[in-house]
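This report concerns only the one structure given below.
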Amino acid sequence: MDQATYEGAINRLIAAAELVASGASQEQRLNALQMVAFFRLRQASFGTQGVPRISNEELFNETATAALTMAGRKEFLAAAALLDQARTLVGG
């Protein structure tokens, strides 16, 4: 995966997690904040470590887009499941 695609996907995942955190129940909010922290760490480590190994790059990119779309539609459970899937794909 090239740098720009990875950065775009990470940015979409962070935005989706922030949307979920802002509109979800207390339990979902805690999980969403953990996702925000996880993806921000991935974003920060990118500068020193480069693009990490992702098990399925195309699925990771599509999952990021879908997570942001679902969060924007206030489908927080679906967005949370997609965030979890993206985390698994990136090795978290």
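Read through the list (1) surrounded by 15 or more Cβ atoms within 10 Å (Cβ to Cβ); (2) out of contact with any helix residue (DSSP H, G or I) (no Cβ under 9 Å at 6 or more places or on another chain); (3) not basic (Lys, Arg), then give the number of the only condition that residue 48 fails.
Only one criterion in (1) surrounded by 15 or more Cβ atoms within 10 Å (Cβ to Cβ); (2) out of contact with any helix residue (DSSP H, G or I) (no Cβ under 9 Å at 6 or more places or on another chain); (3) not basic (Lys, Arg) is unmet by residue 48, namely (1).
So, residue 48, is that one assigned to a helix (DSSP H, G or I) and within 13 Å of residue 90 (Cα to Cα) or not? Walk me through it before giving the result.
Details: assigned to a helix (DSSP H, G or I): yes; within 13 Å of residue 90 (Cα to Cα): no.
No, not satisfied.
Only one residue in 40, 87 is within 10 Å of the chain's Cα centre (by Cα), within 22 Å of residue 1 (Cβ to Cβ), free of Cβ contacts under 8 Å to residues at least 60 places away in the same chain and surrounded by 16 or more Cβ atoms within 10 Å (Cβ to Cβ), so which one is that? Give the steps one after another, and end with the answer.
Numbers: 40 fails: surrounded by 16 or more Cβ atoms within 10 Å (Cβ to Cβ).
Being within 10 Å of the chain's Cα centre (by Cα), within 22 Å of residue 1 (Cβ to Cβ), free of Cβ contacts under 8 Å to residues at least 60 places away in the same chain and surrounded by 16 or more Cβ atoms within 10 Å (Cβ to Cβ) holds for just one of 40, 87, which is 87.
Exactly one of these conditions fails for residue 6: (1) buried (at least 17 other Cβ atoms within 10 Å of the Cβ); (2) within 10 Å of the chain's Cα centre (by Cα); (3) not hydrophobic (A, V, I, L, M, F, W, C). Give me its number.
Here residue 6 clears every test but (2).
Looking at segment 53-77, which of the residues that are more than 26 Å from residue 23 (Cβ to Cβ) and loosely packed, with under 15 Cβ neighbours inside 10 Å is modelled with the highest pLDDT? Steps first, please.
From segment 53-77, those more than 26 Å from residue 23 (Cβ to Cβ) are 53-58; that's our starting set.
Filter again for loosely packed, with under 15 Cβ neighbours inside 10 Å, leaving 53, 55-56, 58.
Details: 53: 84, 55: 86, 56: 93, 58: 96.
Residue satisfying both the conditions and the ranking: 58.
The values are calculated or read from the model by the stated rules, or taken from the named source; none is laboratory data. All values derive from a computational prediction rather than experimental measurement. Don't worry about glycine lacking a Cβ; one is built from the backbone with ideal geometry, like all the others, and counts go over all protein chains shown.
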